[in-house]
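**Q** Handing you a structure now.
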Amino acid sequence: MSFSWHTKGTNQDPKSKVGLNKKNESARTRMEVCKALQHIIEGGRTIDWIRAEKSQWISTPLHRELLYGTTRHYLSLQQAVTELLKKPLRDKDRDLFQLLIVGAYQLKYTGIASYAIINESVNACIVLGKPWARGLVNAVLRQLQRSAEAAQTEKPKDVGSEQDLALTNASSDHPAWLQEKLASQYPNRWQALVIANNQRAPMTLRINSTKVEPAFYKAKLREDDISFTETKMVETVVLDAAQNAETLPSWLAGEVAVQDLSAQLAANTLMALLPPHIAEPSILDACAAPGGKLFHLHERLSARFKTHQLFALDNKQKRLNETKIIGTRLGHSKDPRLTMLCADATKEDCCGDLQFDGILLDAPCSGSGTIRRNPDIRLLLKADHLAAHQDLQLQLLHNLWHRLKDGGTLLYSTCSIFEEENDQVIKKFVEAQVDATRVSLQLKYGSATSLGWQLLPTEKNTDGFYYAGLAKAEKT
């Protein structure tokens, strides 16, 4: 069954003049999510950009549920909605298509009553200034409702069929090239990766050891009836259920930060690689914003050394300013041992005359290991982006290598699971840089690759992350 649409006259419906109130706040939220989706789908913007530039479009739990949910399932929802339209909507009415996507997501993936979803979606037409489209939206969503209800009655007969259904659903939310890339590089695990990408990421906390002993903070969580799972790192816990960070105990006092477990391995790994004879290390975080790894590294350095110098480098002053705000809450930004520099890490003069005992290069990458956390990646990432990322990653490595002291260590990391951004980069760099030697790693999670260490989102509580250690030879 298909539905066409047409404009019923040019006079504005009187209902479009009704003022917004609490009852139709939901309709307004849908309008803002539709605008955000348009920026992502048609403008190539990321959810991070929405958060930074259009924060009102992602300001409430409902905004975030709708935006993250629709981007996670956009490809399959797009197909379902398109099949019910006889012809594409006009360019100026693409916001209506996004409205249908939002409604379709709720019908299929939430427990909200269908009549409420359809009613609020129809009301959103008025907020969008297109009351003539109410009939179209109502008709399409009612057909999707019937399809969703029919699907609910078709229960899997056994575990195998349930897994097959999960793979089928997840596959429909991945572009073909991405599935082919995963199948090529992970022939025995690509199905599990596709399914993992459609799951919601866990909420992991890093306890700020410069403010509170980890055991004391865990006791605070228990007192507040916040259940969690401990990890192999004493300062790290995974919440059993996600919640608003600001509701965590002593959040404003800076006793805790939200940071993925895989990302937390960066600071501990670099600390383990530092030459043992160093008493006052000078360390560079070369791509520091938004500061998660930076501040964790500062906390670990503070615990081990009486003094140190940690430099944070980023090429955007706005990002550094936002990093300082985060650091202020944690009590780090005014620490004289921490210096922030605004410069381009690909430029020879990025750090003046500074030389470092250790460098953390968390290089810009595809983010392919964080798709469950950043579902817009599957809509924006293209196959040819990987080669461009590799060029930049090698440029950063070669330039920063000259800033590393003889005998020093560089830890390279990405939140990618693709070898083009990981082992291939390290192979090319070591072949070109005669004084570079690969350092063997043994992390608490993940497994070894040919030249580094890989974590995957299929593992419990970890995003996809890659690490490789590089040592600079001493001059003879």
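**Q** May I ask you to list the residues in segment 29-81 that are of a type in the set (Lys, Arg) and under 19 Å from the mean Cα position of the chain (by Cα)?
**A** Arg45, Arg51, Lys54, Arg64, Arg72
**Q** Say whether the condition of being modelled with pLDDT of 95 or more and either among the aliphatic types (A, V, I, L, M) or surrounded by fewer than 13 Cβ atoms within 10 Å (Cβ to Cβ) (or both) is met by at least one residue in segment 18-29.
**A** Scanning segment 18-29, I find no residue that is modelled with pLDDT of 95 or more and either among the aliphatic types (A, V, I, L, M) or surrounded by fewer than 13 Cβ atoms within 10 Å (Cβ to Cβ) (or both), so the answer is no.
For (1) out of contact with any strand residue (DSSP E or B) (no Cβ under 8 Å at 6 or more places or on another chain); (2) closer than 14 Å to Ala36 by Cβ; (3) in the same structural domain as Asn244 (by TED's automatic domain parsing), each residue gets a yes or a no:
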{"site": "Tyr74", "(1), (2), (3)": "yes, yes, no"}
{"site": "Leu85", "(1), (2), (3)": "no, no, no"}
{"site": "Pro88", "(1), (2), (3)": "yes, no, no"}
{"site": "Arg94", "(1), (2), (3)": "yes, yes, no"}
{"site": "Leu100", "(1), (2), (3)": "yes, no, no"}
{"site": "Asn119", "(1), (2), (3)": "yes, no, no"}
{"site": "Leu128", "(1), (2), (3)": "yes, yes, no"}
{"site": "Leu136", "(1), (2), (3)": "no, no, no"}
{"site": "Arg142", "(1), (2), (3)": "yes, no, no"}
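**Q** In this structure, is Pro364 surrounded by fewer than 18 Cβ atoms within 10 Å (Cβ to Cβ) and either in a loop (DSSP other than H, G, I, E, B) or in the same structural domain as Asn461 (by TED's automatic domain parsing) (or both)?
**A** The answer is yes for Pro364.
**Q** Moving to a separate point now. Would you mind listing the strands (runs of 3 or more DSSP E) fully within segment 153-260 where at least 2 residues are aliphatic (A, V, I, L, M)?
**A** So the answer is 204-207, 236-239, 256-258.
**Q** Here's a follow-up. Quick check on this structure: which one of Lys405, Lys460, Lys444 is assigned to a strand (DSSP E or B) and surrounded by fewer than 23 Cβ atoms within 10 Å (Cβ to Cβ)?
**A** Lys405
**Q** What about Thr247, is it surrounded by fewer than 16 Cβ atoms within 10 Å (Cβ to Cβ) and polar (S, T, N, Q)?
**A** The answer is yes for Thr247.
**Q** Same structure again: For a quick check of your reading of the model, give me the residue pairs whose first member lies in segment 171-192 and is closer than 15 Å to Glu420 by Cα, whose second is modelled with pLDDT of 95 or more and among the acidic types (Asp, Glu), with beta-carbon atoms closer than 7 Å and at least 6 apart or on different chains.
**A** That search, which allows pairs on different chains as well, returns Gln185/Glu419.
**Q** Just checking, which of Asp353, Asp357 is in the same structural domain as Thr307 (by TED's automatic domain parsing) and at pLDDT below 95?
**A** The match here is Asp353.
**Q** Now a separate question. Taking segment 350-380 as the search range and keeping residues that are among the polar types (S, T, N, Q) and within 23 Å of the chain's Cα centre (by Cα), which one is nearest to Thr70 (Cα to Cα)?
**A** Restricting to residues being among the polar types (S, T, N, Q) and within 23 Å of the chain's Cα centre (by Cα), the top hit is Asn374.
**Q** Here is a further query. Quick check: anything in segment 302-317 over 21 Å from Cys351 (Cα atoms) and in contact with a Ser or Thr (Cβ under 8 Å, 6 or more places away or on another chain)?
**A** Checked against the condition, which is being over 21 Å from Cys351 (Cα atoms) and in contact with a Ser or Thr (Cβ under 8 Å, 6 or more places away or on another chain), segment 302-317 yields at least one hit.
**Q** Still on this structure: Mind listing whichever residues of segment 378-403 are closer than 14 Å to Leu361 by Cβ, in contact with a Ser or Thr (Cβ under 7 Å, 6 or more places away or on another chain) and either touching a residue at least 40 places away in the same chain (Cβ under 8 Å) or of a type in the set (Val, Ile, Thr) (or both)?
**A** Gln395, Leu396, Asn399
**Q** Hey, can you tell me all the residues within segment 315-353 that are among the β-branched types (Val, Ile, Thr) and outside any helix (DSSP H, G or I)?
**A** Thr339, Thr346
**Q** With respect to Ile278, determine if the residue is among the aliphatic types (A, V, I, L, M), out of contact with any helix residue (DSSP H, G or I) (no Cβ under 9 Å at 6 or more places or on another chain) and closer than 21 Å to Ile359 by Cα.
**A** Here the answer is yes, as Ile278 does meet what is asked.
**Q** Sticking with this structure for a sec: Just to be sure, is Lys306 farther than 25 Å from Ser440 by Cα, of a type in the set (Lys, Arg) and out of contact with any strand residue (DSSP E or B) (no Cβ under 8 Å at 6 or more places or on another chain)?
**A** Taking the combined requirement at face value, the residue satisfies it.
**Q** Restricting to segment 378-432, count the residues that are of a type in the set (Phe, Trp, Tyr) and on the phi > 0 side of the Ramachandran plot.
**A** The total comes to 0.
**Q** Suppose we filter segment 294-314 for residues that are in contact with a helix residue (DSSP H, G or I) (Cβ under 6 Å, 6 or more places away or on another chain) and either outside any helix (DSSP H, G or I) or surrounded by fewer than 24 Cβ atoms within 10 Å (Cβ to Cβ) (or both); how many remain?
**A** 5
**Q** Being among the aromatic types (Phe, Trp, Tyr) and assigned to a loop (DSSP other than H, G, I, E, B) is the requirement here; does Tyr467 meet it?
**A** Here the answer is no, as Tyr467 does not meet what is asked.
**Q** Could I ask something else about it? Give the residues of segment 111-125 that are surrounded by fewer than 20 Cβ atoms within 10 Å (Cβ to Cβ) and either of a type in the set (Phe, Trp, Tyr) or in contact with a Leu (Cβ under 7 Å, 6 or more places away or on another chain) (or both), sorted by residue number.
**A** Residues satisfying the conditions are Ser114, Tyr115.
Here's the yes/no breakdown for (1) farther than 21 Å from Ser440 by Cβ; (2) surrounded by fewer than 22 Cβ atoms within 10 Å (Cβ to Cβ); (3) among the hydroxyl-bearing types (Ser, Thr, Tyr); (4) in the same structural domain as Gln355 (by TED's automatic domain parsing):
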site	(1), (2), (3), (4)
Met271	no, yes, no, yes
Glu280	yes, yes, no, yes
Leu284	yes, no, no, yes
Gly291	yes, no, no, yes
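**Q** Select from segment 65-87 the residues that are surrounded by 15 or more Cβ atoms within 10 Å (Cβ to Cβ) and among the charged types (D, E, K, R) and list them in ascending order.
**A** Passing the criteria: Glu65, Arg72.
The values are calculated or read from the model by the stated rules, or taken from the named source; none is laboratory data. Quantities reported herein were computed from a predicted structural model and do not represent experimental measurements. Neighbour counts run over all protein chains shown; Cβ positions are idealised from the backbone, glycine included.
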